[in-house]
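So the structure is just underneath, and the comments pick up after that.
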Amino acid sequence: MKRTTIIVLALILVLALAGCKDKGGVGDINVTPDEGNGQSASEPADEPGPVTEEDDAGVTDGNGADSGAEPSDAQIEAAYQKADEAYRWFTMGVMPLAEDSVEYDGLTYQRVDFPGITSFAELQDYLLTLFAPNIAAGLVSSAEMIGNYREFDGVLYALAFDGVPGLEYGDTSSEIIRNDDGLITYRVTLEILGGENYDTVENYKVTDMTYHNPNGKWVFIWFEDIYYNG
């Protein structure tokens, strides 16, 4: 019964994030760079930007390197992997959890066990190193609304859940596209399998994420779970 409740909460969260696309709000956004008429990520001038290692996501922690310089392909790939991991904390799984737990409303919440993140505020600060503010805020607010993450005595806890892609999904490949307008497209192509044993590639799903430095800090301004079919 508990696992059914957790799965339902996870599905509701995915739908809540996806619904933000149509409402001009926050969360899941699927707009390709060349459409030019999608939702814009508006970032205040004093909003904290990404804080990552130089060899990781193409930006620095303020120790002198030029965070506005265009990142290398390796840095973009590293940034995507970190962003994809974090995004799936809200769509297909949960953050790493410790053993200690709290019972609330018939459900067992376990303490989040991730370096530097012990509260919703610290979680959002971390997400801001990866995503534009509207996406980061949307992920946190949706999690708070659904209740799969909660704070108890100022400490962040979450419901254990480990979603996995369906059998119809195969391998992925990626491509980095540097556009003339300064936007960088990170394109993921996902195999769609078919056949009796799901061993035949029947189609492909292409998802574009957009990487940009709207305020001198490189973050993803459009992002989507590649397994979402909404």
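Read the figures in this text as sums done on the coordinates, not as results from a lab. Worth saying up front: this structure is predicted, and the values here are computed from it rather than measured.
Using the Karplus curve 6.51 cos²θ - 1.76 cosθ + 1.60 with θ = phi - 60°, work out ³J(HN,Hα) for each residue of the range 97-113 in order, rounded to whole Hz, and write x for Gly and Pro.
Karplus values, whole Hz, x for Gly and Pro: 10, 8, 7, 5, 9, 9, 8, 8, 6, x, 10, 9, 9, 10, 5, 5, 10.
List the residues whose amide H sits under 5 Å from the amide H of residue 113, counting only those 5 or more places along or on another chain, with H placed 1.01 Å from N in the peptide plane.
97, 98
Please tell me the relative contact order of the range 124-206 in percent, rounded to the nearest whole number, where contacts are Cα pairs under 8 Å and at least six residues apart. Mind showing how you got there, number by number?
Details: 85 pairs, mean separation 13.7, N = 83.
Value for the range 124-206: 17 percent.
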